1. VAL330's amide H: which non-local residues (gap 5+, or another chain) put their own amide H closer than 5 Å, with H modeled 1.01 Å from N in plane and none for Pro or chain starts?
2. Please list, in order along region 79-94, the HN-Hα scalar couplings obtained from phi with the Karplus expression 6.51 cos²θ - 1.76 cosθ + 1.60 (θ = phi - 60°), rounded to whole Hz, x for Gly and Pro.
3. Taking the Cα-to-Cβ direction at TYR287 and at ASN147 and moving 7 Å from each Cα, how far apart do the two end points lie in nm?
4. In terms of modelled amide H atoms, which long-range or inter-chain residues lie less than 5 Å from the amide H of ALA216?
5. Could you name the lysines whose alpha carbon sits less than 25 Å from that of LYS215, not counting residues in the same chain fewer than 8 places away?
6. Provide the per-residue ³J(HN,Hα) series for region 310-315, in order, calculated from phi with Karplus coefficients 6.51, -1.76, 1.60 and θ = phi - 60°, each as a whole number of Hz, with x at glycine and proline positions.
7. How far apart, in nanometres, would the label points at MET69 and ALA368 be if each is projected 7 angstrom from Cα along the Cα-to-Cβ direction?
8. So the label point goes 7 Å from the Cα of ALA132 along Cα→C-beta, right? Which residues of region 76-101 then have their backbone N under 20 Å from it?
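Read-outs throughout are calculated quantities, based only on the coordinates presented, and are distinct from any laboratory measurement. Quick caveat, the model's predicted, so the values are computed rather than measured. Neighbour counts are summed over all protein chains in view; Cβ atoms, including those assigned to glycine, are modelled from backbone coordinates with ideal geometry.
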Amino acid sequence: MPSRRQFITHAATGTAALVAGSALMGLFSRAHAQNAAPIMPQSTQTSGGKWRPPYRFGQGGAPLGGGSMLEVSDAEVLEILDNAWDAGMRYYDTSPWYGLGLSERRFGYSLHRQPRDSYILSTKIGRILTPADAPPETQWANPDSFNYTYDYSASATRRSIEDSLQRLGIPSIDVVFVHDLTPENLKGEYEQHMQEAIKGAMPELTKMREEGIIKAWGMGVNSLPPILRANEAADPDLHLAACQYTLMDHTESLQKLFPDCDKRGISIVVGSPLNNGFLCGRDRYNYSGTIPDGFKEKRARMQQIAKAHDTDLRTAALQFCAAPSTVSSVIPGARKAHQPAENVKSMSVRIPADFWAELKAEKLIDEAAPTPA
Ligand SMILES: NC(=O)c1ccc[n+]([C@@H]2O[C@H](COP(=O)([O-])OP(=O)(O)OC[C@H]3O[C@@H](n4cnc5c(N)ncnc54)[C@H](OP(=O)(O)O)[C@@H]3O)[C@@H](O)[C@H]2O)c1
């Protein structure tokens, strides 16, 4: 009986001539995935009784669909996801949007061999994919050949989840996020789609939770107002707040997002905790193509302070995101095989309290921001 590694190796052999030898050598030389203990387990309920992920750290899936127009091969993605598993990550987040189905297919190919009750999987609704001769222009490098239309109705929500199950090849999804329902993304059609979701997707997801089809739902968005709208209009369990709570930018979440969620017992999954790589030194900030004025200088100063305290900014950024009690999980993305294990390791490194005190003294982070103990 071939091991999982051997199977991947054989599958990859057919295209070996096309793929960089070094990446494949990594697959050839590795033994079975070790069954590492899950990292950062926690209770699945907040004090308000809402479900939260049982793991405080997970793997984001946007780069694995070719995000930021950076291509990543099937073999590389399998290695990244295997390494995340080996490092003990048991929470995985993907979306139909990431690579127009590509990220979901890849997650499914990696995860379908694991026992279904040994990990948590979130995906998203809001876009229906339909086959196309060629994909439309998007932010994805080499996406699948599908078109997409926004639909936040009840029937589209069910259909999207069923489509995701087929792409994933996995019989259940734990958490569903209502994706990119924001004025920045939908522009003039935002209000119409918000109304559609309030009448459609949101009650339908509550119904699916009550039916036991999913465990929890919430918004998966890059800005705050849609989360506050959903909190008022429906009964979400948790939200995926991306670009909203990072070392670089967090005051609005501290002042508005966390208090509103706390009073309802709703938790926050932090997406883009590294500002899409900016906090690892990349020349890109989130997903807009522009870096806000002064942010490179701010990053440089924080890097200096980190170095002086024998730590690094990526480690500090990940721990910072996990510190607030409202945060139930942090899900950095990865595009290279070494990154998941490094990120897991960062969560157990001790950072001196003086580092955080210095960031506050220089007003580089908010005085009110919780910092890791
Ligand atoms: N609206 C939404 O629902 C929404 C929006 C955004 C994100 N999300 C979720 O949140 C997840 C995380 O966001 P993200 O992936 O966009 O951004 P991120 O986690 O802020 O940054 C990921 C990038 O950081 C770099 N990186 C990660 N680990 C590293 C390491 N150990 N060493 C050096 N560099 C490292 C990599 O850059 P390189 O690629 O350059 O190597 C990687 O692609 C997403 O994958 C997605 O699941 C959801």
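1. Residues meeting the criterion, in which the H sits 1.01 Å from N, are PHE57, GLY58, VAL270.
2. Karplus-based 3J(HN,Hα) across region 79-94 equals 5, 4, 5, 4, 5, 4, 5, 4, 7, x, 6, 10, 10, 10, 10, 9 Hz.
3. 2.2 nm
4. VAL176
5. LYS50, LYS124, LYS199, LYS207, LYS263
6. Using θ = phi - 60°, the values come out as 6, 9, 9, 5, 4, 4 Hz.
7. Calculated label separation equals 3.9 nm.
8. 95-101
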